[in-house]
Amino acid sequence: MEYAATITGTGSAFPEHRVTNHDITSKLAASDIETSDAWIRERTGISERRFSKPGNPDEHNSSLGLAAAQKALEMAGKTPEDIDQIIYSTCTPDTIIPSTACWLQHKLGATRAWGMDLNAACSGFIYGLTIAEQFIRTGQVKTSLVLGTEILSSIINWKDRGSCILFGDGSGAAVVERAPEESPHRILSSHLLSDGSLWELLYIPAGGSAQAATPDIMAQNLNKIQMNGREIFKIAVRTLSTFAMTALEKNDMTVDMLDWFIPHQANYRIIEAVAKRLQLPMEKVLVNVDRFGNTSSATIPSMLDEAVRDGRIQKGHTVLLDAFGAGLTYGSILLRW
Ligand code: UT7
């Protein structure tokens, strides 16, 4: 027997410390790198982001994940013991081993669950939700906890004004549960793709097993983000549009049937360009990049949580999630709330 998977609870969490564009401008000025609040707002739509306090255990990746997970469980009316599976998307884990999923499991007390980390960069929540859906569909898992959590402040390249202005820290979580196969409230379809040939557009050269982060390497910031923003921008607009259409076509739906579109929040101009391509009014597009910057795999679940909690997303609404990220990775999910 096959089942459907449905999201029954969402949660999100951000560090307390707000970092404005003026703060970034001052920080870069100390290294003689020029930027401005006006440039950042105009070219990215970002006004501020949150950074966790280095060394503060309450703002470790798994701690933000814990806060988001607890809120999601509360909304779903579930306890940690109800969770069978934790899929934890992050490219900034607490530690390489154990996985951040295991840290979270321990902190949460989800003693019945198995968990693992997943790195698909900014597409990670879409990949994670897809994995959870597959386990639930086959009946192997009843209740899954899917997270996207990042401490991108730990990998920002402060020598590169084109990328350091974009990123922030945060977490989003979703409780995903088994539903009857024909339930109207379910994940309708998901669509994933990776293109590793484009690795050079967004990567961290050192700190993995291929290249150690020696003092010399760190002095060159090669253990931090290297990004070709202009090229990614073009690819992002194209692939977000394509993956949105693929999901709609798979379900015999058209753009006007969408209630809400939640694209990955990397740059307001990317979001606007995709909406224009899809001929989707911006009123149907959910945006938090202005307040939180690009939090990678946390952007979509945190945006989803905000819109569920403030009542914009209502039971029966059709919602399209759509992402791209380092890898490069792409993915979309169409769901009925
Ligand atoms: O999760 C996925 C992660 N990444 C992305 O999605 C990145 C996508 N790309 C972008 O968001 C944009 O390409 C950026 C925000 C990174 C850059 O914006 P842009 O409008 O594409 O600028 P650009 O790279 O074409 O650069 C235009 C100018 C350059 O100066 P010149 O060569 O024209 O004199 C840059 O040096 O803007 C300059 N510039 C800046 N100026 C002030 C680049 N960064 C800054 C800055 N402040 N922070």
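Every number in this text was worked out from the coordinates using simple rules, so none of it is lab data. Here the structure is a predicted model, which means the values were calculated and not measured. So basically every Cβ, Gly included, is an ideal-geometry build from the backbone, and we count neighbours across all protein chains shown.
Some points to look at:
- Magnitude of the charge dipole for the chain, about its Cα centre and with charges confined to Cβ atoms of Lys, Arg (+1) and Asp, Glu (-1), is about 240 debye.
- Spatial offset of the range 184-198 relative to the range 26-70 amounts to 28 Å, using the alpha carbon center of each.
- Positive-end extreme of charge dipole, the chain - chosen from P57, S163, A121 (charges on Cβ): S163
- Rounded to 0.05, the FRET efficiency of the D23 and Q314 pair, given R0 = 35 Å and the Cβ-Cβ distance, is 0.40.
- About the centre of its Cα atoms, the range 4-179 shows a dipole size close to 240 debye [charges on the beta carbon of Lys, Arg (+1) and Asp, Glu (-1) only; nearest 20 debye].
- Summed over qualifying helices (DSSP H, 4 residues or more, each -39500 (n - 2.57)) and divided by its residue number, the chain shows a 222 nm mean residue ellipticity of -10000 deg cm²/dmol.
- Taking a sphere under 15 Å around the Cβ of G45 and counting the other residues whose Cβ falls inside, with K and R at +1 and D and E at -1, yields a net charge of +1.
- For the chain, the number of Lys pairs with C-alpha atoms closer than 28 Å, counting only pairs eight or more positions apart or on separate chains, is 29.
- Separation of alpha-carbon centers, the range 300-337 and the range 238-253, rounded to whole Å: 14
- Nearest-20 debye value, the range 245-318 charge dipole, Cβ charges on Lys, Arg, Asp, Glu: 120
- Rounded to 5, the percent of DSSP beta bridges in the range 187-336 classed as antiparallel: 75
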